[in-house]
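Reading through the structure tokens given below for one structure.
Computed from the coordinates by the stated procedures, all read-outs in this text should not be read as laboratory data. Worth saying up front: this structure is predicted, and the values here are computed from it rather than measured. Don't worry about glycine lacking a Cβ; one is built from the backbone with ideal geometry, like all the others, and counts go over all protein chains shown.
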Amino acid sequence: MSETELDDVETLADLADLAREAAQDDDTVLVFIEQEDAWFAVLRVDGEEDPRIFVSDGAAAARSSYGSILTDELVDRVGDGDFDDFDSLVSELEDEDAETDESDQDEEDAGTAVGPGGVPVGPLGDSDLLTEFGLASPDLLDLSGEGAVPGDALAEIAEALGCGEVLEAVR
């Protein structure tokens, strides 16, 4: 584990390349990013595979230059789904056929808060990226919940992965 400067990182590919440079052979590399206790992210790079990303609060990260690199990628991935048009069509048909009470609609709308650029507030990305290392998705999501402190969450993640002392050394 080492501290890395992100000033020259402009794209997710730049960040993934930086992580690959730190790898020995094709080992998995985990990149922990935190910004002033506003949000944290974990980037997992496995050899030449596409990076896997988890962000604790998408809307907060989207307000940061390097956080927006991650959230833009995640929002693009969700938007590129093969079934988006089908889901939209089903939604439109259900709206035409069903009579929805206004208060029910308001409750549904309130459930999906979005921040700048349409990035969802709250956890975003692959919450299973640390499962094989012993940190299950629900545990990672709990560390990202309301009231969680990103710096403390990363410390807990590092402890769960067995590298807590190393993280503290680079802080």
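Taking 0.36 nm per residue of separation and subtracting the Cα-Cα distance, what length does fully extending V170 through D128 add?
12.6 nm
A61: net charge of surrounding residues, Cβ under 12 Å, Lys/Arg +1, Asp/Glu -1, itself excluded?
Around A61, the charge tally is -4.
Report the extension gain between D25 and A38 in nm, rounded to one decimal, defined as 0.36 nm multiplied by the number of residues separating them, less their alpha carbon distance.
1.3 nm
Please compute the length gained on full extension between C163 and A13, using 0.36 nm multiplied by the number of residues separating them and subtracting their Cα-Cα distance.
Working: separation 150, 0.36 × 150 = 54.00 nm, distance 2.54 nm.
Residue separation times 0.36 nm, minus the Cα-Cα distance, leaves 51.5 nm.
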